[in-house]
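Some notes on the structure that comes next.
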Amino acid sequence: MKVSRDQAARNREKVIDAASRLFRARGVEGVGIGEVMRECGLTHGGFYNQFESKEALAAEACAASLAASALRWRAVMEAAGQGDAPAAIAGNYLNARNRDAPETGCALIALGPDAARRGGDLAEAFRNGFEELTAILEQAGPDLSRQDALARMAQMVGAMVLARGVGDPALSDEILAAARRALGLYA
């Protein structure tokens, strides 16, 4: 049964959204195409009508996730105002919600190793998303240079990777608190 162009576009978005959640939760290698398609209620065979390969899907899922992060960061920046925006972004990022829900958390934390290992379009999507988020941080503070923004990004992402990876809730909370303090947040 043939689907309309509108339905095909909606299906494509569902697949990208599902892949984004699954890839962030378990990594690109940890998820099969069949699982992504089942998550959407679609058949495995329909995948190749929409995507060239799993690699192409991974790149699109990464790009979509990081674009959504950029929208959130801009909203946080606008709500906070110019002087408080860098702290507001860091406070929004360095929290238990981002740590405890990898499937909805930041793709930089979850997909960095995949981008490094796989390279290609996934690495390009990762780099482009990273650059956009770094630019938002740079714009957020009147005195933030690119180097300052890069250092903040490294500290935030690194703190979240460690907080997720240590396997000890108390140490994880301590890592997040230390990173927040180092970035000028005291709550």
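The values are calculated or read from the model by the stated rules, or taken from the named source; none is laboratory data. Keep in mind that what you see is a predicted model, and the values were worked out from it rather than measured. Note: ideal-geometry Cβ built from the backbone for every residue, glycine included; neighbour counts use all protein chains shown. Side chains included, ligands, DNA and RNA excluded: accessible areas come from the protein's heavy atoms. Shrake-Rupley method; radii C 1.70, N 1.55, O 1.52, S 1.80 Å.
Below are the figures for this structure:
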read-out	value
Enumeration of residues in the range 21-57 that are open to solvent by less than 10 Å² (accessible area, probe 1.4 Å), part of a helix (DSSP H, G or I) and within 23 Å of GLY112 (Cα to Cα)	PHE23, VAL36, LEU57
Subset of the range 155-187 (residues that are open to solvent by less than 60 Å² (accessible area, probe 1.4 Å), free of Cβ contacts under 8 Å to residues at least 40 places away in the same chain and not in a helix (DSSP H, G or I))	VAL166
Residue list for the range 135-154, restricted to those being surrounded by fewer than 17 Cβ atoms within 10 Å (Cβ to Cβ) and free of Cβ contacts under 8 Å to residues at least 40 places away in the same chain	ALA135, ASP143, SER145, ARG146, GLN147, ASP148, LEU150, ALA151, ALA154
Qualifying position, being of a type outside the set (D, E, K, R) and under 20 Å from GLY30 (Cα atoms), among ALA177, ALA110	ALA110
Checking GLU138 against (1) modelled with pLDDT under 95; (2) among the charged types (D, E, K, R); (3) closer than 19 Å to ALA25 by Cβ, the condition it does not meet	(3)
Answer from ASP84, ASP6 - the residue that is of a type in the set (D, E, K, R) and under 30 Å from GLN139 (Cα atoms)	ASP84
Residue check, GLU60 open to solvent by 30 Å² or more (accessible area, probe 1.4 Å) and assigned to a loop (DSSP other than H, G, I, E, B)	no
Subset of the range 80-107 [open to solvent by 40 Å² or more (accessible area, probe 1.4 Å), in contact with a helix residue (DSSP H, G or I) (Cβ under 7 Å, 6 or more places away or on another chain) and more than 20 Å from ALA25 (Cβ to Cβ)]	ASN92
